[in-house]
Amino acid sequence: MRTSRWLAAVPMAALALATIYPLVFTTNVALKTRHEYVLDRFSPADSPRLDNLATAWGSVGMARYFTNSLIVVTCAVALLLLLGSMAGFALGRLRFRGSRALYLGCLAALFVPFQVIMVPLARTMATLGLIDTRPGLVLAYVAQFLPFTIFLMASYYAHVPAEIVDAARIDGNTLVGVYRRVMLPIGAPALISVGILNALFCWNDVLIALLMMPSAENRTLMVGVTSLRGQYSDDIPTFAAGVLIAAVPVLVIYLFFQRHIAEGVTAGSTKG
């Protein structure tokens, strides 16, 4: 028994170390001066400094990029949760003509890479005048991640006992009332889960943001970090500071909401 535990613990510890080390290394480099990094990139910083973080946040424009990402991701996730929960309720609990085809269409959309729809999407957005605008990027994120949201919510709502919905209808609730008063509270774990996952997807995205927001002043945080690699190729500590600024929100979300992610993903399989 003890040997089996060691066989499982050693590779898991190695995996954890491989995951944590890049963050530790990036933090250490961001706290160094350029001279210290050139002399020895792997040694601990002699006198940790926050100058690189201040430079990346202010002079480089990471504060503007951070604001752009925060606004876009918040709006996109809110719209995804609203549309995804409504469509998930309709496809998971209601039966109407074409519901099966719609559900299979959402499922098929999960397997379509963004590169396939990239050119038509860009042309459509350009025709509507939404290129290089925050609403355009929000709509692009909704179009890309809505099938996943609908699939997860429909799968969750499909496991809700039919008696709950029938009891709500007997009490005089319309379908809108059933959705608002019954299904939304019941679906809270799945909504939290899919909301966090969509926030991470949108926050870490580079390709869609680069396509929809080409101008420098409208860049999102991840696109801004990517551009730093070329602008500060000779100043690695400043580049590392930008990477650290982009990584901290993702790390905070994971640390605070990891339990909710696990509960939301598994809750649908235990209903009914």
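Of everything listed in (1) closer than 22 Å to Val248 by Cβ; (2) surrounded by fewer than 11 Cβ atoms within 10 Å (Cβ to Cβ), the single unmet condition for Leu31 is (2). Only one entry in Leu39, Leu82 is exposed (fewer than 14 other Cβ atoms within 10 Å of the Cβ), out of contact with any helix residue (DSSP H, G or I) (no Cβ under 9 Å at 6 or more places or on another chain) and under 18 Å from Cys202 (Cα atoms), namely Leu82.
Across region 88-105, the number of residues qualifying as assigned to a helix (DSSP H, G or I) and either open to solvent by 30 Å² or more (accessible area, probe 1.4 Å) or polar (S, T, N, Q) (or both) comes to 8.
Restricting Ala246, Ala262 to residues that are open to solvent by less than 20 Å² (accessible area, probe 1.4 Å) and either of a type outside the set (S, T, N, Q) or modelled with pLDDT of 90 or more (or both) narrows the list to Ala246. Against the numbered list (1) hydrophobic (A, V, I, L, M, F, W, C); (2) over 22 Å from the mean Cα position of the chain (by Cα); (3) closer than 17 Å to Val225 by Cα; (4) modelled with pLDDT of 85 or more, Val60 comes up short only at (4). Of all the residues in region 134-158, those that are polar (S, T, N, Q) and either more than 13 Å from Val77 (Cβ to Cβ) or touching a Phe, Trp or Tyr at 6+ places or on another chain (Cβ under 8 Å) (or both) number 2. Filter region 154-181 for residues that are among the hydrophobic types (A, V, I, L, M, F, W, C) and surrounded by fewer than 12 Cβ atoms within 10 Å (Cβ to Cβ); which is farthest from Met86 (Cα to Cα)? Step by step, filter region 154-181, then rank; the result is Ile170. Looking at region 191-212, is at least one residue surrounded by fewer than 13 Cβ atoms within 10 Å (Cβ to Cβ) and of a type in the set (Ser, Thr, Tyr)? Scanning region 191-212 turns up no residue that is surrounded by fewer than 13 Cβ atoms within 10 Å (Cβ to Cβ) and of a type in the set (Ser, Thr, Tyr). The combined condition, being under 30 Å from Val194 (Cβ atoms) and without any contact (Cβ under 8 Å) to a residue 24 or more places away in the chain, is not fulfilled by Pro44. When the residues of region 141-185 are filtered to those that are of a type in the set (Val, Ile, Thr) and modelled with pLDDT of 90 or more, the one that is farthest from the chain's Cα centre (by Cα) is Ile150.
Suppose the filter is of a type in the set (Phe, Trp, Tyr), closer than 20 Å to Val206 by Cα, assigned to a helix (DSSP H, G or I) and open to solvent by less than 60 Å² (accessible area, probe 1.4 Å); does Phe145 pass it? Yes. When Thr27, Thr67 are checked against the criterion of being in a helix (DSSP H, G or I), over 30 Å from Thr133 (Cβ atoms), polar (S, T, N, Q) and at pLDDT 85 or above, Thr27 stands alone in meeting it.
Looking at Val138, Val182, can you tell me which residue is out of contact with any Leu (no Cβ under 8 Å at 6 or more places or on another chain) and of a type in the set (A, V, I, L, M)? Criteria check complete, one pass: Val182.
The values are calculated or read from the model by the stated rules, or taken from the named source; none is laboratory data. Just so you know, these numbers come straight off a predicted model, no measurement behind them. FYI the Cβ positions are ideal-geometry reconstructions off the backbone, even for glycines, and counts take in every protein chain you see. Just the protein is used for accessible areas: all its heavy atoms, side chains included, with ligands, DNA and RNA removed. Shrake-Rupley method; radii C 1.70, N 1.55, O 1.52, S 1.80 Å.
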